[in-house]
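A short write-up of the structure that comes next.
The values are calculated or read from the model by the stated rules, or taken from the named source; none is laboratory data. Source: prediction; values computed, not measured. Positions of Cβ are backbone-derived with ideal geometry, glycine not excepted, and every protein chain shown enters the neighbour counts.
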Amino acid sequence: MPNSGQITPAAKFRSDVTVELVRSAAEDSDVVWSARVSTAGEKSLEAQSEDANASKGLINFLMKNRHGTPFEHNSMTFMISAPIFVFREFHRHRVGWSYNEESGRYRELAPVFYVPGPERKLVQVGKAGHYEFLDGTAEQSRIVHEATIRACESSYAAYQQMLDAGVAREVARGVLPVNTFSTMYATCNARSLMSFLSLRTKDNESHFPSYPQREIEMVAEKMEAEWARLMPITHACFVANGRVSP
């Protein structure tokens, strides 16, 4: 327990993630005018007033033939709250991405932890590269839930004990588990997002099926929904062409 006699904050457990679109400059027309410069030069700016629906064929052509750069002239910034282990996978996506994450060196981390929900599949069957996940039994679900809560509460009490003793935050945080929630801003363009989605979502219609960890897929699904709202034609073409990033 903390040396100062202070009460350790009660741990909170979540089975979801948060994705909020905080800023965007992304429309289907961005793809059109940036592509038109190839043939229209300075007159390509006139395409900004062009009906994007009339240019669906162009967007689909670019997507199908993987002419990728016209999909880069836009921007989306998301605020994401998820377990640290999700961010460790997320940060492998570097081309076209910018990140700023909450720092355990500069602030005391809140006792918010991820615990798998009842719908989370728990059992891995098969070998690496060729496996599937199956539902766990009621007993396995109980063990996961209770063991996760017990470990998190114990580790956070140790974290608080070190902080109360004057230990630096960057040292004390070493006892916290990777299911601790963190928050970051992630900025990308449509092309980099499509590359992310092609790997971090599972879709039977994808030309190159992927098998992401469920927790990062939860983030990806929320990001895709926001992007589809901003650029519906581009998103539809992405889906129609097998969810392959151009």
Check your understanding: Among all residue pairs at least 6 apart or on different chains, which show Cβ distances below 7 Å where the first residue, located in the range 125-145, is part of a helix (DSSP H, G or I) and the second is surrounded by 10 or more Cβ atoms within 10 Å (Cβ to Cβ) and hydrophobic (A, V, I, L, M, F, W, C)?
Key -> GLN140/LEU122; SER141/LEU122; VAL144/LEU122; HIS145/VAL115
Revision key, fill the gap. When (1) touching a Leu at 6+ places or on another chain (Cβ under 8 Å); (2) at pLDDT below 95; (3) closer than 23 Å to THR18 by Cα; (4) not acidic (Asp, Glu) are applied to VAL144, the one that fails is (2)
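Assess whether VAL219 counts as being assigned to a helix (DSSP H, G or I), within 17 Å of the chain's Cα centre (by Cα) and β-branched (Val, Ile, Thr).
yes
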Check your understanding: Of all residues in the range 83-102, which are over 27 Å from ALA147 (Cβ atoms) and out of contact with any strand residue (DSSP E or B) (no Cβ under 9 Å at 6 or more places or on another chain)?
Key -> ARG92, ARG94, VAL95
Check your understanding: All but one of (1) of a type outside the set (Asp, Glu); (2) modelled with pLDDT of 80 or more; (3) not in a loop (DSSP other than H, G, I, E, B) hold for VAL37; which doesn't?
Key -> (2)
Check your understanding: Quick check: is even one residue across the range 178-188 out of contact with any strand residue (DSSP E or B) (no Cβ under 6 Å at 6 or more places or on another chain), surrounded by fewer than 16 Cβ atoms within 10 Å (Cβ to Cβ) and not in a helix (DSSP H, G or I)?
Key -> yes
Study note, to complete from the structure: Selection from the range 199-229 of residues crowded, with 20+ Cβ neighbours inside 10 Å and small (Gly, Ala, Ser) yields ALA220
Check your understanding: So ALA138 clears everything in (1) over 16 Å from PRO177 (Cβ atoms); (2) within 22 Å of the chain's Cα centre (by Cα); (3) not hydroxyl-bearing (Ser, Thr, Tyr) except one condition, right? Which one?
Key -> (2)
Check your understanding: Looking at VAL171, VAL86, VAL167, VAL112, which is the one that is within 18 Å of ALA11 (Cβ to Cβ), at pLDDT 95 or above and not polar (S, T, N, Q)?
Key -> VAL112
**Study point:** In the range 53-108, residue surrounded by the fewest Cβ atoms within 10 Å (Cβ to Cβ) [restricted to those that are outside any loop (DSSP other than H, G, I, E, B) and among the basic types (Lys, Arg)]
**Key:** ARG88
